[in-house]
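Written out below as structure tokens is the structure these notes cover.
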Amino acid sequence: MKSSWSKGMSIICMAVIILSGCWDQKELNNIALVTSVGVDTAPEEDMHLFTFQILIPGQVTPTIGGGGGDQAPITIITQKGKTMSEAVRKAAQQTPGQLYFPHMQMVVFSDEVAKEGVKVFLDVFERDHELRPLTTVFITNGIAAKTVLSTLTPIEMKPSESLLEKSEMSVKRGAFTARVDIDEIIKAVGTAGKDPFIGGVKVIGQPPEDSTTNIQQVEPKAVIIPDTIAVFQGDKLKGWLQEYSARGLLWVLGKVESTIVNVECEKKEESINVEIIRSKSQVIPLLNKDQPEFTVKILADANIGETECFINLADSNEIDLIQEKVIKVVKKEAEVAISEVQKHQSDVLGLGAAIFQEDPEQWGYWEKDWDNHFSNAKVNVEAQIFIRQSGLRNKPLEIQ
């Protein structure tokens, strides 16, 4: 009897859990799916201009309510407010559905906003259960955040999807920019001895007034691309790393997934193309010094991509020479990046955090004036490159 009663109660409890699982469900036609948010300055009113990019389901999936045609797959709503919460409530007057954020993919801050500080905007992401901490963040470089969210591009017409896909490919194949989530930024801001860095975006061309015309041409008038890395001191933008200095930062952090390094042949007009296939790094603090000193060790595996000069890749001496040339390039890029961030007093390298982990007492001695200690710290770069493969052919055709 007792066993039957226990089984019955178990069934009832399971039913309650299952049947109550959708108590807070929201119907698609009662919500406005926000995919991205942009934040610009509105200095004349001491406010910020928030841009909410909203997905139109019927244009993405024509079977939902018919849809299709020439209408854009997204629309944007702009609203001013001192805070994001205030702007969201004001924006509710412009849409028949509630702004719904759990599917948001991207936040874009203008460089002007980033210079003032982004901490106030990060706070809401830690508090609001609807906002995703894994949302990707970008900083604009010379353009408005609204422009990024409203410029339609070919192939992928949803601006947020387009930029995220380009960013992913740029990080994986080029290593000249970074893709950073809100959670990483919050952790960096809250970690002693470490500053955040965020991927930048810029526009190539001139965005047309009618964004839909941008996707009706073989060559669009404007393209939004991920480019550069924004470096911060605390939550404020301090400067930019571009091209090889941006890649240099990623060398130091061990975040180069794949990239191409070109080195010269004996004839300088010819080059050898080396493909980096993975990398890692280690920052080692050298303590008991009047000023902090560090050694950065970079290790990477590579393959020969292509050669313009005629060398025998089956010869280990030739491979050693190529490795040495790649090492020089990697060291130079890393050293330039270190010099740049020291100039900006932006410890995106996490050197202070490395000291704290190694010797908290020593960190306590340097912490109060860490910006100056960081700017004057000596950082030695060591690199090792291992070429693993040379492709299907070891000897160029001319010397066989």
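The values are calculated or read from the model by the stated rules, or taken from the named source; none is laboratory data. For clarity, every value in this text was computed on a predicted model and none was experimentally measured. No Cβ is skipped: glycine too gets one built from the backbone with ideal geometry, and neighbour counts run over all protein chains shown. Note: areas computed on protein heavy atoms with side chains; ligands, DNA, RNA excluded. Shrake-Rupley method; radii C 1.70, N 1.55, O 1.52, S 1.80 Å.
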Q: Using the structure shown, decide if D301 is among the acidic types (D, E) and under 25 Å from the mean Cα position of the chain (by Cα).
A: yes
(Q) Can you find a residue that is in contact with a His (Cβ under 9 Å, 6 or more places away or on another chain), over 19 Å from S110 (Cα atoms) and modelled with pLDDT of 85 or more anywhere in segment 13-33? (A) yes
Q. Which number in (1) of a type in the set (A, V, I, L, M, F, W, C); (2) crowded, with 22+ Cβ neighbours inside 10 Å; (3) in contact with a helix residue (DSSP H, G or I) (Cβ under 8 Å, 6 or more places away or on another chain) marks the one condition that L131 misses?
A. (2)
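Yes/no per residue for (1) under 14 Å from L149 (Cβ atoms); (2) at pLDDT 75 or above; (3) in contact with a Lys or Arg (Cβ under 9 Å, 6 or more places away or on another chain); (4) open to solvent by less than 40 Å² (accessible area, probe 1.4 Å):
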{"position": "E44", "(1), (2), (3), (4)": "no, yes, no, no"}
{"position": "M47", "(1), (2), (3), (4)": "no, yes, yes, no"}
{"position": "T51", "(1), (2), (3), (4)": "yes, yes, yes, yes"}
{"position": "P57", "(1), (2), (3), (4)": "no, no, no, yes"}
{"position": "P62", "(1), (2), (3), (4)": "no, no, no, no"}
**Q.** Candidate set: segment 295-329, residues that are charged (D, E, K, R) and in a loop (DSSP other than H, G, I, E, B); chosen: the one surrounded by the fewest Cβ atoms within 10 Å (Cβ to Cβ)
**A.** D315
Q. What is the number of the single condition among (1) farther than 18 Å from K236 by Cβ; (2) within 18 Å of the chain's Cα centre (by Cα) that D111 does not meet?
A. (1)
Q.
Contact list please: Cβ distance under 9 Å, first residue in segment 160-181 and within 15 Å of I198 (Cβ to Cβ) and open to solvent by 60 Å² or more (accessible area, probe 1.4 Å), second residue part of a helix (DSSP H, G or I) and polar (S, T, N, Q), pairs at least six apart or on different chains.
A. F176/S170; R179/S167; R179/S170
Q: Report yes if E358 is farther than 26 Å from N312 by Cα, modelled with pLDDT under 95, open to solvent by 80 Å² or more (accessible area, probe 1.4 Å) and not hydrophobic (A, V, I, L, M, F, W, C), otherwise no.
A: yes
Q) What is the one condition in (1) in a helix (DSSP H, G or I); (2) over 24 Å from G239 (Cβ atoms); (3) open to solvent by 20 Å² or more (accessible area, probe 1.4 Å) that W363 does not satisfy? A) (3)
Q) Restricted to segment 182-195, and to residues that are open to solvent by less than 30 Å² (accessible area, probe 1.4 Å) and part of a loop (DSSP other than H, G, I, E, B), which residue is modelled with the highest pLDDT? A) D195
(Q) Among the residues in segment 102-109, are any modelled with pLDDT under 90, surrounded by fewer than 17 Cβ atoms within 10 Å (Cβ to Cβ) and assigned to a loop (DSSP other than H, G, I, E, B)? (A) yes
Q. Applying the selection to segment 249-293, what residues are polar (S, T, N, Q), at pLDDT 95 or above and open to solvent by 80 Å² or more (accessible area, probe 1.4 Å)?
A. Q282
(Q) Can you tell me which residue is nearest to N372 (Cα to Cα) among those in segment 277-291 that are of a type in the set (D, E, K, R) and more than 25 Å from the chain's Cα centre (by Cα)? (A) D290
Q. Given the conditions (1) modelled with pLDDT under 95; (2) surrounded by 14 or more Cβ atoms within 10 Å (Cβ to Cβ); (3) within 30 Å of the chain's Cα centre (by Cα), which single one is not true for I338?
A. (1)
Q: Considering each residue of segment 85-101, count those that are without any contact (Cβ under 8 Å) to a residue 60 or more places away in the chain and open to solvent by less than 20 Å² (accessible area, probe 1.4 Å), and give that number.
A: 2
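Results for (1) on the phi > 0 side of the Ramachandran plot; (2) touching a strand residue (DSSP E or B) at 6+ places or on another chain (Cβ under 6 Å); (3) modelled with pLDDT of 85 or more, shown as yes or no for each residue.
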{"site": "V113", "(1), (2), (3)": "no, yes, yes"}
{"site": "E116", "(1), (2), (3)": "no, no, yes"}
{"site": "V120", "(1), (2), (3)": "no, no, yes"}
{"site": "E126", "(1), (2), (3)": "no, no, no"}
{"site": "P133", "(1), (2), (3)": "no, no, no"}
{"site": "I139", "(1), (2), (3)": "no, yes, yes"}
{"site": "K146", "(1), (2), (3)": "no, yes, yes"}
{"site": "P154", "(1), (2), (3)": "no, no, no"}
(Q) If V256 satisfies all but one of (1) within 28 Å of D195 (Cβ to Cβ); (2) without any contact (Cβ under 8 Å) to a residue 24 or more places away in the chain; (3) part of a loop (DSSP other than H, G, I, E, B), what's the number of the condition it fails? (A) (2)
Q | Subset of segment 226-276 that is β-branched (V, I, T) and touching a Gly at 6+ places or on another chain (Cβ under 7 Å) - its residue that is nearest to S375 (Cα to Cα) | A | V231
Q) For the subset of segment 210-245 comprising residues that are polar (S, T, N, Q), open to solvent by less than 30 Å² (accessible area, probe 1.4 Å) and more than 18 Å from R173 (Cα to Cα), which member is modelled with the highest pLDDT? A) S211
